[in-house]
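Student: Here it is: the structure, laid out below.
The values are calculated or read from the model by the stated rules, or taken from the named source; none is laboratory data. What you see is a predicted model, and the numbers here were worked out from it, not measured in a lab. Glycine gets a Cβ as well: all are built from the backbone with ideal geometry, and neighbour counts include every protein chain shown. The accessibility values were calculated without ligands, DNA or RNA, using every heavy atom of the protein model including side chains. Shrake-Rupley method; radii C 1.70, N 1.55, O 1.52, S 1.80 Å.
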Amino acid sequence: QVQLVESGGGVVQPGGSLRLSCAASISIFSFDAMGWYRQAPGKQRELVVNINSGGSRTYADSVKGRFTIVRDNAKDTVYLQMNNLKVEDTAVYYCNGQRTAIEYWGQGTPVTVSS
């Protein structure tokens, strides 16, 4: 059974940093792509960034230059390093994995940016 487990969310002040982790129950080489999505209160879930099996990354314009996705193949974990956080980054962040046309989701980890 494929599981994705996120961790690392919390409360941070504007300008601060957080690192989210997504641990997979199988080798992340098994995924065609992995990524992070977020859903703010009252809004639709949106793509933050994804990385495909070839290592190509696609970032949402709103996070370019501030967020970085890193894949640790040895630990079967994908990280989202978030710097210079803004109030509008407040959301529940979800890990996503795509494998043979099937999508897998983690349970989500909340991030609150507030002074």
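Student: When only residues in the stretch 1-12 that are part of a strand (DSSP E or B) and either touching a His at 6+ places or on another chain (Cβ under 8 Å) or open to solvent by 30 Å² or more (accessible area, probe 1.4 Å) (or both) count, which is farthest from Asn83 (Cα to Cα)? Write out each step before concluding.
Tutor: Step one: list which residues in the stretch 1-12 are part of a strand (DSSP E or B), which gives 4-7, 10-12.
Next, only the ones that are either touching a His at 6+ places or on another chain (Cβ under 8 Å) or open to solvent by 30 Å² or more (accessible area, probe 1.4 Å) (or both) stay: 5, 7, 11.
Details: Val5: 22, Ser7: 17, Val11: 13 Å.
Ranking the qualifying residues of the stretch 1-12, first place goes to Val5.
Student: Residue by residue through the stretch 13-45, note down the ones that are in a strand (DSSP E or B) and farther than 16 Å from Gln98 by Cβ.
Tutor: The first filter runs over the stretch 13-45 and keeps only residues in a strand (DSSP E or B), leaving 18-24, 33-39.
Across the stretch 13-45, the qualifying residues are Leu18, Arg19, Leu20, Ser21, Ala23, Arg38, Gln39.
Student: Given the conditions (1) closer than 24 Å to Ser115 by Cβ; (2) open to solvent by 40 Å² or more (accessible area, probe 1.4 Å); (3) under 10 Å from the mean Cα position of the chain (by Cα), and given that Met82 satisfies all but one, which numbered condition is not satisfied?
Tutor: Condition (2) is where Met82 drops out.
Student: Please verify whether the stretch 73-89 includes one or more residues that are assigned to a strand (DSSP E or B), closer than 21 Å to Gln44 by Cβ and β-branched (Val, Ile, Thr). I'd like the intermediate steps shown before the answer.
Tutor: Within the stretch 73-89, the subset assigned to a strand (DSSP E or B) is 77-82.
Then keep just the ones that are closer than 21 Å to Gln44 by Cβ; that gives 80, 82.
Add one more test, that the residue is β-branched (Val, Ile, Thr), and what stays is none.
No.
Student: Right, here's the next one. Between Ser17, Ser25, which is modelled with pLDDT of 95 or more and either within 17 Å of Val111 (Cβ to Cβ) or open to solvent by less than 30 Å² (accessible area, probe 1.4 Å) (or both)? Show your work before the answer.
Tutor: Details: Ser25 fails: either within 17 Å of Val111 (Cβ to Cβ) or open to solvent by less than 30 Å² (accessible area, probe 1.4 Å) (or both).
That would be Ser17, the only listed residue that is modelled with pLDDT of 95 or more and either within 17 Å of Val111 (Cβ to Cβ) or open to solvent by less than 30 Å² (accessible area, probe 1.4 Å) (or both).
Student: Considering each of Asp72, Asp61 in turn, give the residue that is acidic (Asp, Glu) and modelled with pLDDT of 95 or more.
Tutor: Numbers: Asp72 fails: modelled with pLDDT of 95 or more.
Result: Asp61 is the single residue among Asp72, Asp61 that is acidic (Asp, Glu) and modelled with pLDDT of 95 or more.
Student: May I pose another question? Taking the condition of being more than 16 Å from Tyr104 (Cβ to Cβ), surrounded by 13 or more Cβ atoms within 10 Å (Cβ to Cβ) and of a type in the set (Lys, Arg), how many residues in the stretch 28-46 meet it?
Tutor: Keep residues of the stretch 28-46 that are more than 16 Å from Tyr104 (Cβ to Cβ), which gives 38-44, 46.
Next, from what is left, pick out any that are surrounded by 13 or more Cβ atoms within 10 Å (Cβ to Cβ): 38-40.
Checking which are of a type in the set (Lys, Arg) leaves us with 38.
Going through the stretch 28-46 one residue at a time, the tally reaches 1.
Student: Which residue pairs have Cβ atoms closer than 9 Å, lie 6 or more positions apart in sequence or on different chains, and pair a first residue in the stretch 57-76 that is open to solvent by less than 60 Å² (accessible area, probe 1.4 Å) and charged (D, E, K, R) with a second residue that is assigned to a helix (DSSP H, G or I) and modelled with pLDDT of 95 or more?
Tutor: Arg66/Asp89
Student: So which residues in the stretch 85-115 are among the hydrophobic types (A, V, I, L, M, F, W, C) and either open to solvent by 10 Å² or more (accessible area, probe 1.4 Å) or closer than 21 Å to Ser30 by Cα (or both), if there are any at all?
Tutor: We begin by selecting, within the stretch 85-115, every residue among the hydrophobic types (A, V, I, L, M, F, W, C); these are 85, 87, 91-92, 95, 101-102, 105, 111, 113.
Answer for the stretch 85-115, where residues must be among the hydrophobic types (A, V, I, L, M, F, W, C) and either open to solvent by 10 Å² or more (accessible area, probe 1.4 Å) or closer than 21 Å to Ser30 by Cα (or both): Val87, Val92, Cys95, Ala101, Ile102, Trp105.
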